[in-house]
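Novice: Let me give you the structure first, and then I'll get to my questions.
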């Protein structure tokens, strides 16, 4: 992004947020990035005040990005009051209280630290940093500043995952002894697919490990507790790809396309975690299993309104798993949605996530334990760092090491 250029746009809709929601508290949000995550997060900002009448209201104060023409279109389409081609100008905007960083991974650290130093509350997309050291610096900055901080591990906010958490904590499957997870996609299998930023270590930090793996590493920590060590391997299947700006030339792919790891939890449980962007036919397949001494839970992201539950109690061992449709008013978040059986979708995890975060900001309540803080982001990056080191050394690696 240019460091010396500022462009500002004031939308015609300025002030409409206030009149639409009456006296509910308004919180100005400035978002960095307008593509996939910019759209997904903005959708959540717009939706959650309608779904949760007790919530504060995000005011779409500003948006920043690199391409001036695309940025202007995004600002007008989404309804942001101002737009900037320099992210530093957005951070200084007095109307912005919350900074939402959805930029590529190499632009997580600097904007988040500067936002913290300016006293802004912060949301940052995952992975938190490209390395443990980056994540440590980011965590220290937000803690020193005393701002509210959250990492975008949105799958924590799927009602079925929240129900799984409740069942585990309620002892419904007994002591957890095993966790296993897989997150599989196929979007880079074509060897002619270009060398985008997600395939470059200097920008992304890692490949499937940071892009997909940290999501399920975080869910492992969320559902089964802290991970103390890991042993694993990574693999890059296509090592050269066409350059974006000149398809006749190629560049090196220096991140992983897939990884597989075995982990040990501090509780004594064991687990397996894997992710790949080379699984033909898999678009966004994520499966989680948690096994306890008295039962098991299983979740499939492609059927995100369902949770499979097995209990060895009360004779259920004779009938196997039962499928819970997590769409009743008694289930997490669902009383504000639709009648039973009327399912919600992928984007609604972010609606819940942003409702949780903005409520924490408005009421000065903790983001944890339900939301992932920068500390959680750091801990997930410590696990992925251990996996990366193990892929080189071939040994078990402790997650407490840098």
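Laboratory data are not the source of any read-out in this text; all were calculated from the coordinates shown. No experiment lies behind these values; they were computed from the predicted model shown. Backbone-built Cβ (ideal geometry, glycine too); neighbour counts: all protein chains shown.
Novice: If packing is taken as the average count of other Cβ atoms within 10 Å, what order do 159-165, 395-401, 239-245 fall into, highest mean first?
Specialist: Result, highest mean first: 159-165, 395-401, 239-245.
Novice: If you don't mind, there's one more thing I want to ask. If you count, for each residue, the other Cβ atoms within 10 Å and average over each peptide, how do 137-145, 21-29 line up from highest to lowest?
Specialist: Result, highest mean first: 137-145, 21-29.
Novice: With contacts defined as alpha carbon pairs under 8 Å and 6 or more residues apart, what's the relative contact order of segment 16-154 in percent?
Specialist: 21 percent
Novice: Along each of its three principal axes, how wide is the spread of alpha-carbon positions in the chain, in whole angstrom units, largest first?
Specialist: 64, 54, 41
Novice: Starting from one equal scatterer on each C-alpha and no solvent at all, send me the Debye-based log10 I(q)/I(0) for segment 31-158 at q = 0.14 Å⁻¹, two decimals.
Specialist: Calculated log10 I(q)/I(0) at the listed q: -0.59.
Novice: Please compute the contact order of the chain in relative form: average sequence separation of alpha-carbon pairs under 8 Å and at least six residues apart, divided by the residue count, as a percent.
Specialist: On the way: 899 pairs, mean separation 76.4, N = 402.
The value is 19 percent.
Novice: Sum -39500 (n - 2.57) across every DSSP H segment of at least 4 residues in the chain, then divide by the residue count to get the 222 nm mean residue ellipticity, nearest 500.
Specialist: Taken over the chain, the calculation gives -9500 deg cm²/dmol.
Novice: Using a Gaussian network model on the chain with a 10 Å cutoff between Cα atoms, which of 108, 342, 215 fluctuates the most?
Specialist: Of 108, 342, 215, the most mobile in the Gaussian network model is 342.
Novice: D for segment 271-378, whole µm²/s, Stokes-Einstein with Kirkwood Rh over alpha-carbon pairs at 20 °C and 1.002 mPa s: what number?
Specialist: 128 µm²/s
Novice: Something else: Comparing 121, 218, 190, which has the greatest mean-square fluctuation in the GNM of the chain with Cα pairs linked when under 10 Å apart?
Specialist: 190
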